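Below is one structure, written out as structure tokens; comments come after it.
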Amino acid sequence: MTPPSRTLGIAFSDARDASYAAGVVVRADGTPDGFAFARCTVGGTDATDAVLDCWRALAREDVRHVACAGVAPAWFNLLDLDRLSETLDRPVYAVSYEESPGLEPALREAFDGDALADRLAAYRSLPARVAVDPSDVADDPPDTDDPRFVRAVGIDPERAAAAVRGLTRDGFRRCEPLRIASLAASAHREAAAGE
């Protein structure tokens, strides 16, 4: 599968008082083509709204896919991938980079009562993770011991994995929309700290 013509990459960078989201539109050739920023609460439940705020600020109907860096930014402020896909009418997938037994043990350690119940429900509603085969990522694939996974809504997981592979450049582990969004989110956080 060739990469989508334009992908919106979303990443977050946490500070003590807030998490700073960056949305970056990236063309299939890896060129950034638009930036938007939002904030959400560390430990809150508004990360999905921050993604939607970036989408609205960009107002880019030419975006074909939305890629998110993980599903639990901002200290377990879980993304609702179904809501994002339905609201944006686009395929949405989250990419993660670590083997994991899942988030339930960490959620149980960090929360209790209704806060735990809400997060467990959100977490359990997510689609299963599918491994991205690194073997055909560019000419110089990243270390094959470095796993990558996708959770996909509105697109077959294998097609989402293929899009991630197609958007990963030589020598990099992250696909370009998420690599650039991560850099932008960190810069957004640093700029806010200097205000």
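The values are calculated or read from the model by the stated rules, or taken from the named source; none is laboratory data. Values in this document were obtained by computation on a predicted structure and should not be read as measured data. Positions of Cβ are generated from backbone atoms using ideal geometry, with glycine treated the same way; all protein chains shown enter the neighbour counts. Accessible surface areas use protein heavy atoms only, side chains included; no ligands, DNA or RNA. Shrake-Rupley method; radii C 1.70, N 1.55, O 1.52, S 1.80 Å.
Looking only at region 157-176, residues that are assigned to a helix (DSSP H, G or I), surrounded by 19 or more Cβ atoms within 10 Å (Cβ to Cβ) and out of contact with any Leu (no Cβ under 6 Å at 6 or more places or on another chain) come to 7 in all.
Checking every residue in region 67-86 against the condition of being in contact with a strand residue (DSSP E or B) (Cβ under 8 Å, 6 or more places away or on another chain), modelled with pLDDT of 95 or more and charged (D, E, K, R) gives at least one match. Restricting Val25, Val71 to residues that are in contact with a helix residue (DSSP H, G or I) (Cβ under 9 Å, 6 or more places away or on another chain), open to solvent by less than 30 Å² (accessible area, probe 1.4 Å), under 21 Å from Asp156 (Cβ atoms) and of a type in the set (Val, Ile, Thr) narrows the list to Val71. One residue alone among Asp143, Asp62 is modelled with pLDDT of 95 or more and open to solvent by 30 Å² or more (accessible area, probe 1.4 Å), and that residue is Asp62.
Taking the condition open to solvent by less than 20 Å² (accessible area, probe 1.4 Å), at pLDDT 90 or above and not aromatic (Phe, Trp, Tyr), does Leu120 pass? Taking the combined requirement at face value, the residue satisfies it.
Considering every residue within region 40-48, establish whether at least one is touching a residue at least 60 places away in the same chain (Cβ under 8 Å), under 24 Å from Arg16 (Cβ atoms), among the β-branched types (Val, Ile, Thr) and open to solvent by 60 Å² or more (accessible area, probe 1.4 Å). For region 40-48, residues touching a residue at least 60 places away in the same chain (Cβ under 8 Å), under 24 Å from Arg16 (Cβ atoms), among the β-branched types (Val, Ile, Thr) and open to solvent by 60 Å² or more (accessible area, probe 1.4 Å): present. Which members of region 87-117 meet the condition of being open to solvent by 60 Å² or more (accessible area, probe 1.4 Å) and either in contact with a Pro (Cβ under 9 Å, 6 or more places away or on another chain) or at pLDDT 95 or above (or both)? Listed by number, the residues that qualify are Thr87, Asp89, Glu98, Glu99, Pro105, Arg108, Glu109, Asp112, Asp114.
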